[in-house]
Amino acid sequence: MAILALPVALMSGTTGKIVGRVTEIANGEPLIGVNIIVEGTSLGAAADIDGYYVILNVRPGTYILRATMIGYKNVIQKNVKVLIDLNTTIDFFMEMSTLQGEEVVVIAREPAVKLDATSTTFRIGSDQIEQLQVEEFDDLLSLQAGVYEGHFRGGRSNEVMYIIDGIPMNDAYSGDALFELDNDMIEQVEVISGTFNAEYGQAMSGIINVVTKEGQQNFEGKVSYFMGNYFSTNTNLYYYIDKFHPTAIQNIKFNLSGPVIGLGNKLTFFALGRLYKNDGWIYGQRLFMPSDSSDFTGDRDNPYIESSGDKEYVPMNPNQELTLNGKLTYRLSSHDKISVSSLYQKKDFREYEQLFKYNPDGNYQRASIDYQNSIQYNHIFTSGTFVVVNLSQMFSKYGQYVYADTNDSRYVPLSYLTGTGATGFSTGGMRMWQHRRSNLTNVAKLDLTSQITKQQKIDVGVSYKSYKLWLHEKYLYFDENDSLRVAPQSGSYNNAYTHNPHEIAAYIQDKIEIGEMIINAGLRYDFFNPDGVVLDQYYDTRTANRIKAHSSSQISPRFGIAYPISDEGVIHFSYGHFFQVPSFEYLYVNPEFEVSLIQIAGDQPPRGRFNAMGNAELKPQKTVQYELGFKQALTSDLTIELTGFNKDIRDLISQETRNDVYGGKFWRFINKDYANVKGVTIALEQLQRRAGSFGFSIDYTYQVATGNASDPNDEWLNQGQDPPIQGEKKRQPLDWDQTHSLNASVTTTQSGFHISLIGKLGSGTPYTRSSPRYSNRILNGERKPTTMTIDLNLTKDIQLGGSTLHPYLKIYNLLDARNNKEVFKSSGSAEYAYEMNFETYIGIRTQEEYFTRPDYYYKPRRIIVGISFGF
């Protein structure tokens, strides 16, 4: 009870457990007091009266175990793999010794089926990442069955919790992942797409739990560099892509780990740095500058056009990232360890907008800086009980603007963009909003784990998390004297707020082993104080009283069972209630509750919608989910898995349309939307045990994801149609409903060459047909075309003494498939739009070029050539 009273938070699973039994090889009798040591660590245990032992708090990775007892040969078990949140069973068979120091070496074999997994979980370690040779962290996630572009089993994309070393790493404002991890940082990653234990909160669809590397007792490191570009034969679609520039994509990276000299093995370090540049695959041309003015309202055959651009080809979706990561681990004693870690990331990027193809400097620049510092203290009370305390601070800053300075002389009136009379490409002008926000998050965490009996392990945790969220977005305009001004704070075009919400949570998780059966049962409590205000009435927001928003809380039960049906087969069932506080952007948008009767045409706020209104009393969204699965080893290396699942989702964020007494219309966020997802997954996996063998995995998912709305802003979008559209009452396919998906990968090592082939095939997602000559509108009643990609990775090992040189080649979208991301709603194709036949095009270039949309397709073929040096 004293521990539960501490104002600190739960610690997500970052360790595994080694269990087993020690017996005498001659008669099978248990041996009492045999010492089992995890080499290279201070962890170990002694066998009890029945010969059983338990070692808790083992970081994921591959280890060597040593069993010793006077009068018996030492037994060494190599290649012992530990996975997050799971048991690794290693039994020892001891033989009496006639000579001192005799040893028996055994190579442990990883079982093909983990018998204590109670839900669908995908775990992959650093060695498997090297086999797959994928470049980005998102490439790992896309290999998981039921995951489609950040949507886990049909949920919305911000329903996933990203965790790094036990610390949640989501952007509180948007719900997205805060960092883009480098694969060389990862020791092991756990992806949970089914139900999950009570230790995990603020997620409804999935958990991505990453344990990063820490320094070892020996020095090791790697330096790598690659370069490349996009190369496609679709030159009519991708402007300037026929000009192959081998350095358009560049990446330089290093990592180094080992002991700090002079302190023995007590203090170790891990450090990583990465600089990445990608010019993107969509280019424009600087024919115009934002200061250029044009007029197409007069003689269309001879319009007035200013063109002062340098005619340079310009990347339209570039991205540049700097990542720095460091970790110091100090082993105070055999029972105490402290880790200090830091992660920093800076990004500069742009997002493509068709309008600015020939006026690229008129589009928004985007920049972010994110960092996280943490201290973790780990104390072992006994071999069966340990505690982890974690203190962390995260800061994120984001900016979106054309020019950072509000007084920049390069700003020109909005009429340069919207007042030319053109219906096509921009010939001048720029976006006029500036959006900035930051978030400071402080987290204190504690997690206590105790193996109270041989059959029962208890985890308890409590939590506290505080935020300081700041936002300021403002519109720039020119007054009647042609002077640049910032919109007044009293209006809808200048919004600012600072809020300090906080969360408290507690959980208890019980893992019970009854014979071979595993039961996971847990209960979680969450409390959220939004630190916001709401109005006492909304028919006159100008005179309404502001009242403090109420807090919310909920209790979430979780249950899972795994029942082995053979020594290499298991059936599992899991059920749970999962809650998630809405992303903060929906709580606080439009902080002054302003309803404007006039909207400036052509320029929406960067992150919001005109006259959208936040709601600090939004309730947590809720998912009730269950799944039933079966996994069986067909051979020692080949497994088959079958899983069925169902999700009922309620209180999703939506909007209601309101009218005030002054004739204004606004849209207030509320809990209204609902959805259901059901499906089945079948998977085959062949482990690659050794060089020369083949490993493969293949999974197929059939899934139906339906709901009454896909986007919280759907009501605003519907009311903006002419005529306005009534929102759906019944469930229809959601925007990301991919009914059929197939993932496959093959890995092998032949004569020092590591080869991996990764393929993905997916049925088309839905869209809503609409056209000037087509009135039978059915929400998401049509389907986009099927998509398919194949990636090839090839690496060669060249030994140089104790070091290794790795030249490699990676080709993404090997066949250069034209996969539709979007389609024209009138035709169902990205190739053409029916509205071209009914609209008069006014502007530069041609109507056909304006309707040629490279952003409606996924990435074309990408070729990477690189080399790494490991030592």
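The values are calculated or read from the model by the stated rules, or taken from the named source; none is laboratory data. Here the structure is a predicted model, which is why all the values come from computation and not from measurement. Cβ atoms come from the backbone with ideal geometry, glycine included; neighbour counts cover every protein chain shown. Quick note on the areas: whole protein, heavy atoms, side chains included, nothing else; ligands and nucleic acids left out. Shrake-Rupley method; radii C 1.70, N 1.55, O 1.52, S 1.80 Å.
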Of all residues making up the range 618-637, the number that are open to solvent by less than 40 Å² (accessible area, probe 1.4 Å) and more than 17 Å from Thr681 (Cα to Cα): 6
Meets criteria (within 18 Å of Gln451 (Cβ to Cβ), modelled with pLDDT of 95 or more and in a strand (DSSP E or B)) for Ile504: no
Tyr377 vs. criteria under 30 Å from Asp242 (Cα atoms), in contact (Cβ under 8 Å) with a residue 40 or more places away in the chain and among the hydroxyl-bearing types (Ser, Thr, Tyr): no
Qualifying residues in the range 641-688 (those that are among the aliphatic types (A, V, I, L, M) and open to solvent by 50 Å² or more (accessible area, probe 1.4 Å)) - the one modelled with the lowest pLDDT: Val661
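Every residue, every condition in (1) under 30 Å from Ala172 (Cα atoms); (2) assigned to a loop (DSSP other than H, G, I, E, B); (3) under 32 Å from the mean Cα position of the chain (by Cα), yes or no:
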| residue | (1), (2), (3) |
| --- | --- |
| Phe386 | no, no, yes |
| Val389 | yes, no, yes |
| Ser392 | yes, no, yes |
| Phe395 | yes, no, yes |
| Tyr398 | yes, no, yes |
| Tyr403 | yes, yes, yes |
| Thr406 | yes, yes, no |
| Arg410 | no, yes, no |
| Pro413 | no, yes, no |
Residue identified as of a type in the set (A, V, I, L, M) and over 30 Å from the mean Cα position of the chain (by Cα) among Ala633, Ala612: Ala633
Count of residues meeting criterion [under 21 Å from Glu592 (Cβ atoms), touching a residue at least 24 places away in the same chain (Cβ under 8 Å) and open to solvent by less than 50 Å² (accessible area, probe 1.4 Å)] in the range 483-495: 4
Residue within the range 765-772 that is open to solvent by 60 Å² or more (accessible area, probe 1.4 Å) and touching a residue at least 40 places away in the same chain (Cβ under 8 Å) present: yes
Which numbered condition Trp716 misses (of (1) at pLDDT below 95; (2) open to solvent by 40 Å² or more (accessible area, probe 1.4 Å); (3) assigned to a strand (DSSP E or B)): (3)
Boolean, Arg153 is at pLDDT 85 or above, open to solvent by 20 Å² or more (accessible area, probe 1.4 Å) and within 22 Å of the chain's Cα centre (by Cα): no
Given (1) free of Cβ contacts under 8 Å to residues at least 12 places away in the same chain; (2) surrounded by 18 or more Cβ atoms within 10 Å (Cβ to Cβ), number of the condition Ser751 does not satisfy: (2)
Evaluation of Gln489 against (1) touching a strand residue (DSSP E or B) at 6+ places or on another chain (Cβ under 6 Å); (2) closer than 21 Å to Asn407 by Cβ; (3) of a type outside the set (Ser, Thr, Tyr) (one fails), failing number: (1)
Subset of the range 170-186 (residues that are under 22 Å from Ser119 (Cβ atoms) and either open to solvent by less than 10 Å² (accessible area, probe 1.4 Å) or among the charged types (D, E, K, R) (or both)): Ile186
Flag if Gln451 is farther than 30 Å from Gln372 by Cβ and buried (at least 20 other Cβ atoms within 10 Å of the Cβ): yes
Count of the range 310-349 residues which are open to solvent by 30 Å² or more (accessible area, probe 1.4 Å) and under 20 Å from the mean Cα position of the chain (by Cα): 9
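Have a look at Glu513, Glu473, Glu503, Glu480 and point out the one that is of a type in the set (Asp, Glu) and without any contact (Cβ under 8 Å) to a residue 12 or more places away in the chain.
Values: Glu513 fails: without any contact (Cβ under 8 Å) to a residue 12 or more places away in the chain; Glu473 fails: without any contact (Cβ under 8 Å) to a residue 12 or more places away in the chain; Glu503 fails: without any contact (Cβ under 8 Å) to a residue 12 or more places away in the chain.
The conditions single out Glu480.
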Residue match in the range 547-554 (condition: touching a residue at least 60 places away in the same chain (Cβ under 8 Å), open to solvent by 20 Å² or more (accessible area, probe 1.4 Å) and outside any strand (DSSP E or B)): yes
Qualifying strands (runs of 3 or more DSSP E) (wholly inside the range 756-841; at least 3 residues being closer than 30 Å to Ala744 by Cβ and touching a Leu at 6+ places or on another chain (Cβ under 7 Å)): 787-796, 803-812
Residue in the range 73-86 that is under 25 Å from Glu513 (Cα atoms), acidic (Asp, Glu), modelled with pLDDT under 90 and touching a Gly at 6+ places or on another chain (Cβ under 9 Å) present: yes
Strands (runs of 3 or more DSSP E) contained in the range 194-271 and holding at least 1 residues open to solvent by 30 Å² or more (accessible area, probe 1.4 Å) and not basic (Lys, Arg): 220-230, 249-259
Condition check for Tyr63: modelled with pLDDT of 90 or more, of a type in the set (Phe, Trp, Tyr) and surrounded by fewer than 22 Cβ atoms within 10 Å (Cβ to Cβ): no
Qualifying residues in the range 536-546 (those that are surrounded by fewer than 17 Cβ atoms within 10 Å (Cβ to Cβ) and not charged (D, E, K, R)) - the one farthest from Gly201 (Cα to Cα): Thr543
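Results for (1) of a type in the set (Val, Ile, Thr); (2) closer than 17 Å to Ala683 by Cα; (3) not in a loop (DSSP other than H, G, I, E, B), shown as yes or no for each residue.
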residue	(1), (2), (3)
Leu99	no, no, no
Val105	yes, no, yes
Val113	yes, yes, no
Asp116	no, no, no
Ser119	no, yes, no
Ile124	yes, yes, yes
Asp127	no, no, yes
Gln131	no, no, yes
Ala145	no, yes, no
Pairs with Cβ under 7 Å, 6+ apart, first in the range 525-538 and on the phi > 0 side of the Ramachandran plot and at pLDDT 95 or above, second open to solvent by 50 Å² or more (accessible area, probe 1.4 Å) and in a loop (DSSP other than H, G, I, E, B): Asp531/Asn500
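Matching residues to (1) outside any loop (DSSP other than H, G, I, E, B); (2) open to solvent by 60 Å² or more (accessible area, probe 1.4 Å):
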site	(1), (2)
Lys457	yes, no
Gly461	yes, no
Ser466	yes, no
Asn481	no, yes
Glu513	yes, no
Ala521	yes, no
Asp526	yes, no
Asp531	no, no
Filtered residues of the range 66-87 (kept if free of Cβ contacts under 8 Å to residues at least 60 places away in the same chain, within 37 Å of the chain's Cα centre (by Cα) and surrounded by 15 or more Cβ atoms within 10 Å (Cβ to Cβ)): Gln77, Lys81
Subset of the range 88-97 [β-branched (Val, Ile, Thr), open to solvent by 20 Å² or more (accessible area, probe 1.4 Å) and in a loop (DSSP other than H, G, I, E, B)]: none
